[in-house]
Amino acid sequence: MELKKIVKILEEIAPPELADDFDKGRIGLILGLEGDVKKIAVALDANSYILKKAAEMKADMLITHHTLIFHPVNIISKYLADSLRIALENGISLYSMHTNYDRAEGGINDVLAARLRLKNIRSTEIGRMGEIEPCSSAELATHVSDCLQTPVMYAGEKEEIRKVMVIGGSGFRNEYLELARENTVDAFISSELKHDILRAYEDLCLIDASHYATENPGMEALCPRLRNLTGIEVEFIDQPSGLRAVNYGPKNEEKEPCNQEETEKDSFELMLEEQSRNQIRSDYRRSLGNEYGRRYIE
């Protein structure tokens with residue numbers, strides 16, 4: 001299929017006029033190369049890893065949510081040069097659909113709301129609002145983690161949450177949270193939660209489900225739509241963020257200290273081997289006081 005025909009289809013799915021002002025000139029056909037498109041790759045990001053995968057699968061076009069070049073370029077970094085080299089040498093055209101696809105019907109936020117099984121969903125300025133069966137903050141956070149298969153962080157303890165607002169990506173912004181308040185929303189789900197936002201909106205349950213996990217499902221859902229509309233092969237490239245959550249709490253007194261602690265203690269004793277070992281060890285243990293262990297969650 002001709003590249004311009006695919007671009008027309010993409011603009012029907014996510015009209016460019018839906019994009020935020022800051023996206024003007026940053027979305028659409030970023031790199032248009034000659035030749036018909038026989039295979040399309042879809043991903044959240046345009047980076048060297050994704051481009052290498054697209055080249056390996058012999059894709060003629062890569063469609064992403066985040067563009068390869070977001071800020072104007074005066075100096076070309078090695079990272080950008082390597083990425084462009086892969087695209088040019090393998091004949092891969094690049095297309096980006098960002099905030100226009102956030103707002104579009106069936107786009108990032110519609111897919112996110114559906115993935116979280118919200119009911120009675122309605123559109124807001126950019127996100128989506130919906131209802132859930134009454135649950136606590138901890139129960140909702142667990143539900144979000146399960147649905148998106150990602151670690152989450154949350155703040156704001158509530159015993160009965162019914163109304164939820166979701167925005168994929170960096171949605172913890174004052175204008176969106178004020179909109180949530182105006183609509184008596186109980187919980188707000190997005191990513192990249194900042195300290196000042198957390199403090200300013202303590203009346204809401206705020207759930208940070210990571211940038212990747214809140215936007216990735218929308219790009220994956222684009223694949224079957226494109227297959228049906230173009231009749232050509234479309235393949236999704238997944239590149240998890242690799243984020244992990246870490247919890248800590250009072251350590252069980254009987255639990256063995258971690259290897260790093262043992263190594264540091266051994267080094268300390270070696271430095272003092274000329275002195276009275278028994279007294280030094282006794283003083284050292286007393287100086288440690290209460291310690292805290294760590295539990296790693298994947």
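The values are calculated or read from the model by the stated rules, or taken from the named source; none is laboratory data. All figures in this text were calculated on a predicted structure; none of them were measured in a lab. Cβ coordinates were reconstructed from backbone atoms using ideal geometry, including for glycine residues, and neighbour counts include every protein chain displayed. Note: accessible area is taken over every heavy atom of the protein model, side chains too, but ligands, DNA and RNA are not part of it. Shrake-Rupley method; radii C 1.70, N 1.55, O 1.52, S 1.80 Å.
Would you pick out the residues in the range 65-81 that are in contact (Cβ under 8 Å) with a residue 24 or more places away in the chain and exposed (fewer than 15 other Cβ atoms within 10 Å of the Cβ)? Give the derivation first.
If we filter the range 65-81 for residues that are in contact (Cβ under 8 Å) with a residue 24 or more places away in the chain, which is where we start, we get 65-70, 79.
Selection gives PHE70, TYR79.
Scan the range 115-132 and tell me whether some residue there is in contact with a Pro (Cβ under 6 Å, 6 or more places away or on another chain) and assigned to a helix (DSSP H, G or I).
Quick first cut of the range 115-132, residues in contact with a Pro (Cβ under 6 Å, 6 or more places away or on another chain) only: 115.
If we keep only those that are assigned to a helix (DSSP H, G or I) too, we end up with 115.
Looking for residues that are in contact with a Pro (Cβ under 6 Å, 6 or more places away or on another chain) and assigned to a helix (DSSP H, G or I), one finds at least one in the range 115-132, hence yes.
Counting just the residues of the range 47-64 that are of a type in the set (A, V, I, L, M) and assigned to a loop (DSSP other than H, G, I, E, B), which one comes out most open to solvent (accessible area, probe 1.4 Å)? Break it down stepwise before answering.
Taking the range 47-64 first, the residues of a type in the set (A, V, I, L, M) are 50-51, 54-55, 57, 59, 61-63.
Then drop every residue that is not assigned to a loop (DSSP other than H, G, I, E, B), which leaves 57, 59.
Working: MET57: 32, ALA59: 2 Å².
So, considering only residues that are of a type in the set (A, V, I, L, M) and assigned to a loop (DSSP other than H, G, I, E, B), the one most open to solvent (accessible area, probe 1.4 Å) is MET57.
With the condition kept exactly as written, say whether any residue in the range 176-188 is open to solvent by less than 40 Å² (accessible area, probe 1.4 Å) and assigned to a strand (DSSP E or B).
Within the range 176-188, one or more residues are open to solvent by less than 40 Å² (accessible area, probe 1.4 Å) and assigned to a strand (DSSP E or B).
Out of the range 135-150, which residues are open to solvent by 90 Å² or more (accessible area, probe 1.4 Å) and either more than 22 Å from ASN109 (Cα to Cα) or in a loop (DSSP other than H, G, I, E, B) (or both)?
The first filter runs over the range 135-150 and keeps only residues open to solvent by 90 Å² or more (accessible area, probe 1.4 Å), leaving 139, 146, 149.
Of everything in the range 135-150, just one residue is open to solvent by 90 Å² or more (accessible area, probe 1.4 Å) and either more than 22 Å from ASN109 (Cα to Cα) or in a loop (DSSP other than H, G, I, E, B) (or both), namely GLN149.
Within the range 225-249, can you find the residues that are out of contact with any strand residue (DSSP E or B) (no Cβ under 8 Å at 6 or more places or on another chain) and modelled with pLDDT of 95 or more?
Of the range 225-249, the ones out of contact with any strand residue (DSSP E or B) (no Cβ under 8 Å at 6 or more places or on another chain) are 225, 228-229, 231, 240-243.
If the condition is that a residue be out of contact with any strand residue (DSSP E or B) (no Cβ under 8 Å at 6 or more places or on another chain) and modelled with pLDDT of 95 or more, then ARG225, ASN228, LEU229, GLY231 are the ones that fit.
Give the residues of the range 151-162 that are in contact with a strand residue (DSSP E or B) (Cβ under 8 Å, 6 or more places away or on another chain) and either crowded, with 17+ Cβ neighbours inside 10 Å or in a loop (DSSP other than H, G, I, E, B) (or both), sorted by residue number.
From the range 151-162, those in contact with a strand residue (DSSP E or B) (Cβ under 8 Å, 6 or more places away or on another chain) are 151-158, 160-162; that's our starting set.
Within the range 151-162, PRO151, VAL152, TYR154, ALA155, GLY156, GLU157, LYS158, GLU160, ILE161 meet the criteria.
For the range 82-102: of the residues being of a type outside the set (Gly, Ala, Ser) and part of a loop (DSSP other than H, G, I, E, B), which is most open to solvent (accessible area, probe 1.4 Å)?
Residues of the range 82-102 that are of a type outside the set (Gly, Ala, Ser), as a first pass: 82, 84-86, 88-90, 92, 94-95, 97-102.
Adding the requirement that they be part of a loop (DSSP other than H, G, I, E, B) leaves 90, 92, 97-98.
On the way: ASN90: 74, ILE92: 0, MET97: 1, HIS98: 33 Å².
Residue satisfying both the conditions and the ranking: ASN90.
Out of the range 75-132, which residues are on the phi > 0 side of the Ramachandran plot and within 23 Å of the chain's Cα centre (by Cα)?
Listed by number, the residues that qualify are GLY106, ARG117.
Quick one: in the range 190-227, of everything that is acidic (Asp, Glu) and either part of a helix (DSSP H, G or I) or open to solvent by less than 10 Å² (accessible area, probe 1.4 Å) (or both), which residue is nearest to SER170 (Cα to Cα)? Break it down into steps so the answer makes sense when it comes.
Looking only at the range 190-227, we keep the residues that are acidic (Asp, Glu), and these are 192, 196, 202-203, 208, 215, 220.
Filter once more, keeping what is either part of a helix (DSSP H, G or I) or open to solvent by less than 10 Å² (accessible area, probe 1.4 Å) (or both): 196, 215, 220.
On the way: ASP196: 14, GLU215: 10, GLU220: 19 Å.
Among residues in the range 190-227 that are acidic (Asp, Glu) and either part of a helix (DSSP H, G or I) or open to solvent by less than 10 Å² (accessible area, probe 1.4 Å) (or both), the one nearest to SER170 (Cα to Cα) is GLU215.
Given ILE232, ILE237, ILE132, which one is surrounded by fewer than 20 Cβ atoms within 10 Å (Cβ to Cβ), touching a Lys or Arg at 6+ places or on another chain (Cβ under 7 Å) and under 30 Å from LYS39 (Cα atoms)? If you could, list the steps in order and put the result at the bottom.
Numbers: ILE237 fails: surrounded by fewer than 20 Cβ atoms within 10 Å (Cβ to Cβ); ILE132 fails: under 30 Å from LYS39 (Cα atoms).
Matching residue, one of ILE232, ILE237, ILE132: ILE232.
May I ask you to list the residues in the range 103-117 that are of a type outside the set (D, E, K, R), touching a strand residue (DSSP E or B) at 6+ places or on another chain (Cβ under 8 Å) and open to solvent by 20 Å² or more (accessible area, probe 1.4 Å)?
From the range 103-117, those of a type outside the set (D, E, K, R) are 104, 106-109, 111-114, 116; that's our starting set.
Cutting the leftovers down to touching a strand residue (DSSP E or B) at 6+ places or on another chain (Cβ under 8 Å) gives us 109, 112-114, 116.
Within the range 103-117, just ALA114 meets the criteria.
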